[in-house]
1. For region 362-469, what is the accessible area per residue in Å² when the probe is 1.4 Å?
2. Less than 13 Å from a label point 7 Å out along the Cα-to-Cβ axis of L466: which backbone N atoms in region 402-445 qualify, by residue?
3. With every protein chain left in place, what is the accessible area per residue of region 635-695 in square angstrom, probe 1.4 Å?
4. Given H placed on each backbone N at 1.01 Å, which residues far from E37 in sequence or on other chains put an amide H within less than 5 Å of it?
5. Among the listed pairs K309/K428; K428/K554; K25/K500; K27/K67, which have their C-alpha atoms separated by more than 21 angstrom in this model?
6. If eta is 1.306 mPa s and T is 10 °C, what Stokes-Einstein diffusion coefficient results for region 557-703, Kirkwood Rh from Cα pairs, in µm²/s?
7. Assign unit charges at the C-beta atoms only (+1 for Lys and Arg, -1 for Asp and Glu), then state the dipole size of region 564-714 relative to its Cα centre in Debye, rounded to the nearest 20.
8. For region 596-646, with all protein chains present and a 1.4 Å probe, just round the carbon and sulfur fraction of the accessible area to a whole percent.
Amino acid sequence: MKNLLFITILFFSFITAKAQNGIVKGKVVNNENIAQEFTNVLLLNASDSSLIKGVVTNYDGEFLFEKLTEGKYLVEASLVGFSNSFSSIFNSKNDVIDLGSITISEGLELSEVTVVAKKPFIEMKADKIIVNVENSAVNAGNSALEVLQKSPGVTVDKDNNISLRGKQGVLVTINGKNQYMSGDELSRMLESMPAENIKNIEIISNPSAKFDAEGNSGIININLKKNENYGYNGSFNAGYRQGVKATYNTGLDLNYRSEKINIYGSGSFYDWGAYQNLDLYRVIPFGNGQTTFDQQTNMDMNGLSVNGKIGLDYTISPSTTIGLLFKNNIGQRNMDNSGMTNIFGDNAPGFSNLSVSSISGNDWNQNSYNVNLMHNFDDNGTNLTFDADLSLYNSAGLNNYDNLYTDSNGNDVQNPFKLKNDESTDIKIFASKLDFSKSFTSGYKIDVGAKISMVETDNDTRFEALENDVWVNQVDRTNNFIYKENVAAAYANLAKSFGKLSVQAGLRMEHTLSEGNSMTLDEVVSRKYTNLFPSISLSHMVGKNHSFSYTYSKRLNRPNYQSLNPFVGYLDDYTFEKGNPFLNPQYSDAFGINYGLGRSLFISANYSYTKDAISEVIEQISDENKTYQTNQNLDNMNSASLSITAPITLKEFGVSRINLTGFYNDFQSAIPSGILDNQSFGYNVYIGNEFNLPAEISMELSANYQSGLTYGLFIVTPQYGIDLGFSKTILKGKGTLKIGLDDVFKTRNNKVSVLQDDINLKVHNIRDTRRAKINFAYKFGNNKVKSARRRSTATEDEESRIQSNN
């Protein structure tokens, strides 16, 4: 149950209050007369508005002040995202005064100026961490992938793999939906998604049974913006970013909402440029000697993406709403790489230098269709929701490689080798889910639901080499791989409070059928398995300010489609990557303990045991000087973490938020090169500062530090960065101007090494990370806010397993 920890804190602090003379009580509601929990309520002196004391409303929106002396007072209610509201002045005479209901409204319309409270960049909840992106000056002009990299406890490695608390296997969803993308395709989508499209990011460590079992280290959910205002309204934004390469973006949101109909649409354009310098240094044993490969590759990248969506919600009756949604994403990515490898040693080939230049282009198109229905049976939380989704994704790419072989003086020693690669990917996803929620007068709440998903991917790659001016098919590299996966799931979740103890327990069943078919190699790998995924959480209060919760969940992580694909990704004759069609799912048992001291300190401890952990590994064919990267199931992995979050208020000057996450990973497994036995402690520090400057200018200064760590085979060196941003509201509150500087001291470089058995590899990755940026946003139309219904579609979990090549 979301926010359960805070609810119990506030509820029990309310009911244990002792009645005395001089009492003032009341209730805070919104425009729809719905109780607003966690609202700040201040008791003010009527003569000068000085603060007497403050409280926070409980679950029922109620507040209570006691031990009041005689005098005149008034009450102010405030909540993030709502306008402040005041009671009338009242006179306390050591009696009990009931102020009734105080109404707060989302936003404040005053002389056509909308004033909306600003949420903190990092919010700590009982069950998740929320990163509020939309108001951040530091993240303006960045991509979704870059925002994730700056989020507490999240790391993004050189290959854009995402880890949470030092552990890979994260499920990334968008608006609660699995994307069913491979890692490369997912990173491409996130890298081409401007931060201006994002409302917030939710980091969920131990999800309940209602969520898909996918994601053994947790779920990262990206919520995109949706206009929720009455009448006709919209917003426009434009931004520019300059590092070594330039990036610019623009977007438009339009919305019309009435009592019956909500029609909304949006579009964005993102044109980006980047560079990457990749240095690889390998020492390969040969007999009693060795061969050294010293390789430098310069990558010049650019691309663009266009995103659009249009949706309709129709209120059939006060209790029933039906919706339609269409989304489209098209884009392209181009790379111009040049690499030089110096080779020397006992088993060096007949040349000293290998020069490889490549030109690559990739285009993609994704169309998603959704129909949804929500019906409320009563006003006590009994509702039924239904979603059906169809997502069609296709991409096509062409890669050209020119290989030159020279001696130490630069003279050709053998004929050039020209290679080209045509590749295409088609993915079809259908998913449907049904969820029912019922609250009983006895205090029990039950959630039940079912989901079915069907995914088919068709990957085709064809390599051709130029021989005597004729392009000839390379049979050993060409392949067609088709993968099908059907998952049927059902869950039940039960929650109940017993005094100060709240309990939630759930069980999810998932039945999976999958088949990987390498048409060219005539290899078929079929799997059929059924799993149960229990989850349980308990929470309780100790006194008024100390809250505790305990969680357990069992989860799995299925291999993404690209990892199963046996295709070879070519860098040069001696360096490549390939998939592993024999990968098995990994399973995790995760335990968590959380502690909260009011709203001033949060501590979270987690432990998980993972069987058949999926990990990237480096394999080597020493006598042929070949090194390649692939994925493999490790025997087991133990992971533990401790996270501490504390906000520090700097009076009226600003606020500072500190998040410290320490983690320990232990890998034990037999691997092709020998025995893996690696243990590592690491930590991640995030400090975010928000300052209020003169002239109503807001300043953000944030820093993050990732210590060195070992993950599987890979030894990662520390990296850190500092970001700076300023924002100001202009044009009578309808416009916002933001400027910023990413990675002020240009320190976010990535260094990785592998020293395992006969493998000796060092990687240094330098990217275009220091960039100045400016962003402008403007809102127009009606500013009267109406809350939109919140829902997620059925395919979000599946779509997240499509990887991108960015």
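The values are calculated or read from the model by the stated rules, or taken from the named source; none is laboratory data. Keep in mind that what you see is a predicted model, and the values were worked out from it rather than measured. Cβ atoms come from the backbone with ideal geometry, glycine included; neighbour counts cover every protein chain shown. To get the accessible areas, we keep the full protein, side chains included, count just its heavy atoms, and leave off ligands, DNA and RNA. Shrake-Rupley method; radii C 1.70, N 1.55, O 1.52, S 1.80 Å.
1. About 50 Å² of surface per residue is accessible.
2. Label zone hits: 402-404, 415-421.
3. Solvent-accessible surface per residue comes out at 48 Å².
4. The answer is G61.
5. As for pairs spanning more than 21 Å Cα to Cα, those are K428/K554; K25/K500.
6. 83
7. Dipole about the Cα centre, nearest 20: 660 debye.
8. Looking at region 596-646 in its full context, I get 55 percent from C and S.
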